[in-house]
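Q: Would you mind keeping the following structure in view while I ask a few things?
The values are calculated or read from the model by the stated rules, or taken from the named source; none is laboratory data. Predicted model, so just to flag it, every value in this text is computed and none were measured. With ideal geometry, Cβ positions are generated from the backbone for all residues, glycine too; neighbour counts draw on all protein chains shown.
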Amino acid sequence: MHKKQTIIYLVVILFFSILLAKLSFAAETPKQMKGRFYLQVEQRGKIWYINPRDGKKYEIYDNKLALDAIAKTALGITKENINKIPTYEPKKISNQPLAKRFGGYFLLVTNERGGLWYVDPQNFQRYQVTSTQNLLTLAKNNFRGIKDSLLNTFPTGHEKLVVILPPISTPPITPPPTPSTILGLAAEAVRQKNDQKALTYFTNGLKLGVEYGLNTFNNDSRLLFANLLSGATLYQDGATEKIYTIKTYFGMASSDVTLKFHIQKQLDNTWLISKI
C-alpha cells in the first residue's frame with residue numbers, strides 16, 4: 001500500500017509541477033522580453049515573438065503561404081560571422097561576444113546560401129530555421145506564459161510571422177542517440193541524484209516542472225520516477241516523435257493507468273523528452 005501511495009504522490013506532483021511550469025508568467029522587463037517567444041494563455045494559446053529590432057510582437061502560426069515576414073525582421077549577416085556563433089550543443093552556453101550581441105535575433109546569411117538562423121538569448125547558440133513547422137517547434141520548446149495586459153504593451157507587427165525558406169547548403173547533422181537511450185540516461189541521472197544532468201534530457205518547456213518534482217521527491221519517489229523512465233516501452237513510432245508507455249497503479253482511479261513519455265526530435269536532430 002505504501003508503494004501505491006508513493007506512486008500517486010509522484011504522478012500528482014509531476015502533473016501539477018509541469019502544468020505550473022508551462023503556465024508560468026513572464027516576469028522580465030520589456031527590454032528583457034525582446035527576442036523571446038511567449039504563449040498568450042488568455043487567447044486560445046497563440047504564440048508570439050517579440051522582435052528586438054522594432055519592439056513589435058509577431059504571431060507565429062502554421063501557414064504555407066510564402067509571406068516574407070521573417071525576411072523583413074531578420075538581420076543580414078555574412079557566412080564568416082554566422083560561423084562564429086556556435087550551433088546548439090546541450091549543457092553549454094556560448095560566451096562568444098558576437099553571439100551575445102545577436103541573442104534573440106533572426107539572422108539571414110547574405111552570401112553563399114547560408115540559410116536562416118535564430119540565436120537563443122539564453123544559451124547564445126544558433127538554431128537553423130528550415131520550415132514553418134520547424135519554427136513552431138522552436139517556439140513551443142522555448143515559450144513562456146504571458147497575460148494579455150503585458151502582451152498588449154507591445155504593438156502588433158503588420159504581418160504574422162511566416163517563413164520564407166532561403167536556400168540551405170549546410171550538410172545534414174549526424175543522427176543523435178535513439179529515444180530509448182535518452183530515457184535510460186535520464187533515469188540513470190535521476191538515480192544518481194545528478195539533477196543538472198537529468199534536466200538536459202528534457203525540453204525547456206518541461207525543465208521547470210521536472211526540476212520542481214526532483215526537488216520535492218523523497219528517495220522512494222525519485223527511484224520510482226527513474227524506474228518509470230527506464231521501464232517504458234515503445235508504443236508509437238513516428239519520424240519526429242516517439243511515445244513510450246508504462247502502466248502503473250493510480251490510487252485515485254483505483255486501477256492501473258498508462259503513463260506516456262513523448263520523445264520529440266529537436267531542431268539539431270537530437271531527441272528530448274517533451275511531454276509526460
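Q: For the range 143-160, give me the residue count where each residue is outside any strand (DSSP E or B) and buried (at least 20 other Cβ atoms within 10 Å of the Cβ).
A: Total meeting the criteria: 4.
Q: Let me ask another. Would you call residue 240 modelled with pLDDT of 85 or more, more than 30 Å from residue 126 (Cβ to Cβ) and of a type outside the set (A, V, I, L, M, F, W, C)?
A: When the stated conditions are applied, residue 240 does not pass them.
Q: For the range 202-276, which fully contained strands (runs of 3 or more DSSP E) count at least 2 residues that are more than 23 Å from residue 39 (Cα to Cα)?
A: In the range 202-276, the matching strands (runs of 3 or more DSSP E) lie at 233-237, 241-250, 255-265.
Q: Only one residue in 239, 189 is assigned by TED's automatic domain parsing to the domain that holds residue 268, free of Cβ contacts under 8 Å to residues at least 60 places away in the same chain, surrounded by fewer than 17 Cβ atoms within 10 Å (Cβ to Cβ) and out of contact with any Leu (no Cβ under 6 Å at 6 or more places or on another chain). Which one?
A: 239
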